[in-house]
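Trainee: Below is a structure I'd like to ask you about.
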Amino acid sequence: MLRITQSQFEALRRHGEETYPHECCGVLLGQFEDDGTRRVTSIARCGNTRDDSPHNRYNIDPRELIRIQREGRERGEDIVGFYHSHPDHPAQWSSTDLAEAHWLGCSYVITAVEKGRAAVTNSFELKGSDENDKQFSDEKVEID
Amino acid sequence: MSKIHIPTPLRQYAGKQAAIAVNGGTVGDALSDLVSKHPDLRRHLYTDDGKLRAFVNVYLNDEDVRYLQKEATAVKDSDTISIVPSIAGGR
């Protein structure tokens with residue numbers, strides 16, 4: 001399960017509206033709780049480096065991620081997940097999303113943005129023990 | 001000793017530690033020391049033929065080692081190595 005505040009949830013959805021018709025992307029920071037819940041305490045917007053195809057692909061610059069990770073560490077936060085948008089496409093993970101997902105145990109939040117307006121937002125946990133058996137699993141999003 | 005930051009998904013294979021002190025004069029040596037201390041990390045970082053997995057980015061401080069001397073890049077005790085699995089996708 002993913003726990004997130006209303007303002008963070010709205011902020012990541014708004015990000016998808018702002019970058020429409022391109023995909024947005026960002027990082028969810030917080031804590032892994034004992035019951036497996038990922039609690040988000042802050043979000044970090046990232047740039048989409050896929051200038052060649054930003055309407056249907058995203059990539060986060062690892063250097064930007066290292067900076068976000070370092071700043072989060074100083075606040076006592078870990079990376080617990082990521083978010084991106086699907087412009088004019090359902091909020092469901094794609095084969096590309098799965099192939100390029102490598103952070104096992106983290107949440108991947110997807111927002112469908114229809115004609116510039118954020119529609120459905122879903123979250124998926126990347127489960128599995130390694131690259132061979134990884135899979136996305138629907139997860140509940142609890143908004144505080 | 002230099003320090004390697006472990007990303008959250010791999011910490012379960014590294015004694016739940018966020019950072020690990022390692023020996024080694026190059027990035028390759030430092031990574032070898034890491035997997036010798038925590039063998040369960042090996043299959044997550046390397047392919048069966050011993051190459052770093054394509055999606056595993058290794059940074060020395062703020063530089064991608066692919067644009068330095070790759071695994072032969074020299075490491076000082078004050079350096080920080082970060083293992084950063086890529087984050088990408090799309091509809």
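Values quoted throughout were computed directly from the atomic coordinates according to the rules given, and no laboratory measurement underlies them. Note that the coordinates shown come from a computational prediction; the quantities given were computed from them, not determined experimentally. Because the Cβ atoms are built from the backbone with ideal geometry, glycine has one as well, and the counts that use them run over all protein chains shown.
Trainee: In terms of the ratio Rg/(2.2 N^0.38 Å) built on C-alpha atoms, what value belongs to the stretch A:2-143?
Mentor: Here the answer is 0.97, to two decimals.
Trainee: For the protein assembly as shown, what number of Lys pairs, 8 or more residues apart or on separate chains, have alpha-carbon atoms under 25 Å from each other?
Mentor: 18
Trainee: Ok, one more. With a 10 Å cut-off between alpha carbons and a GNM built on chain A, which of A:ASP61, A:ASP34, A:ASP88 moves the most?
Mentor: Comparing A:ASP61, A:ASP34, A:ASP88 in the GNM, the peak value goes to A:ASP34.
Trainee: Let me ask something else about it. Take chain B, connect every pair of alpha-carbon atoms lying under 10 Å apart with a spring to form a Gaussian network, then pick out the residue of B:GLY28, B:GLY15, B:GLY50 with the largest mean-square fluctuation.
Mentor: Maximum fluctuation in the GNM of chain B, among the listed residues, is at B:GLY50.
Trainee: Further question: May I ask you to compute the full-extension gain from A:GLU142 to A:THR5, defined as 0.36 nm times their residue separation minus their alpha-carbon distance, rounded to one decimal in nm?
Mentor: Numbers: separation 137, 0.36 × 137 = 49.32 nm, distance 0.83 nm.
Going from the current span to full extension adds 48.5 nm.
Trainee: Toward the positive end of the charge dipole of the stretch B:1-52, about the Cα centre and with charges on Cβ (Lys, Arg +1; Asp, Glu -1), which of B:VAL35, B:VAL22, B:ILE6 goes farthest?
Mentor: Most positive-ward Cα: B:ILE6.
Trainee: Quick one: what are the phi-derived ³J(HN,Hα) couplings along the stretch A:72-86, Karplus 6.51/-1.76/1.60 with θ = phi - 60°, whole Hz, x for glycine and proline?
Mentor: Along the stretch A:72-86, the couplings run x, 4, 5, 9, x, 10, 10, 6, 10, x, 9, 9, 7, 10, 10 Hz.
Trainee: Moving on. Given the peptides A:78-84, A:124-130, B:6-12, arrange them by the average over their residues of other C-beta atoms within 10 Å, most packed first. List each step's numbers first, then the result.
Mentor: Values: A:78-84: 25.6, A:124-130: 16.9, B:6-12: 18.9.
With the highest mean Cβ count within 10 Å placed first, the list reads A:78-84, B:6-12, A:124-130.
Trainee: On to the next question. At a threshold of 8 angstrom on Cα-Cα distance, excluding pairs fewer than six apart, so keeping six or more, what relative contact order does chain B reach in percent?
Mentor: 37 percent
Trainee: Now, a different point. What dipole magnitude, in Debye to the nearest 20, does chain B give about its Cα centre under +1 on Lys/Arg Cβ and -1 on Asp/Glu Cβ?
Mentor: 360 debye
Trainee: Each residue of the stretch B:25-38 in turn: what ³J(HN,Hα) in whole Hz from Karplus with 6.51, -1.76, 1.60 and θ = phi - 60°, glycine and Pro shown as x?
Mentor: Ordered by residue, 3J(HN,Hα) equals x, 10, 4, x, 5, 5, 5, 5, 5, 4, 6, 6, 6, 9 Hz.
Trainee: Take the Cα atoms of the stretch B:2-85, find their three principal axes, and give me the spread along each one in whole Å, biggest first.
Mentor: That gives 28, 26, 19 Å along the principal axes, largest extent first.
Trainee: Can you compute the FRET efficiency between A:GLU17 and B:ALA72 using 1/(1 + (r/R0)^6), with r the Cβ-Cβ distance and R0 = 41 Å? Round to the nearest 0.05. If you can, show how the numbers build up before the last one.
Mentor: On the way: r = 46 Å, r/R0 = 1.12.
After rounding to 0.05, the efficiency reads 0.35.
Trainee: About its Cα centre, how strong a charge dipole does the protein assembly as shown have in debye, to the nearest 20, once Lys and Arg get +1 and Asp and Glu get -1 at the Cβ?
Mentor: The dipole of the protein assembly as shown has a size of about 140 debye.
Trainee: Moving to a separate point now. Which of B:THR73, B:THR47, B:THR26 moves most in a GNM of chain B, Cα contacts under 10 Å?
Mentor: B:THR47
Trainee: OK, next. Which ³J(HN,Hα) values, rounded to whole Hz and listed in residue order, are derived for the stretch A:34-50 from phi using the Karplus coefficients 6.51, -1.76 and 1.60 in 6.51 cos²θ - 1.76 cosθ + 1.60 with θ = phi - 60°, glycine and proline given as x?
Mentor: Each residue's phi maps through the Karplus curve to give 4, 8, x, 5, 9, 9, 8, 10, 7, 10, 10, 6, 10, x, 9, 7, 7 Hz.
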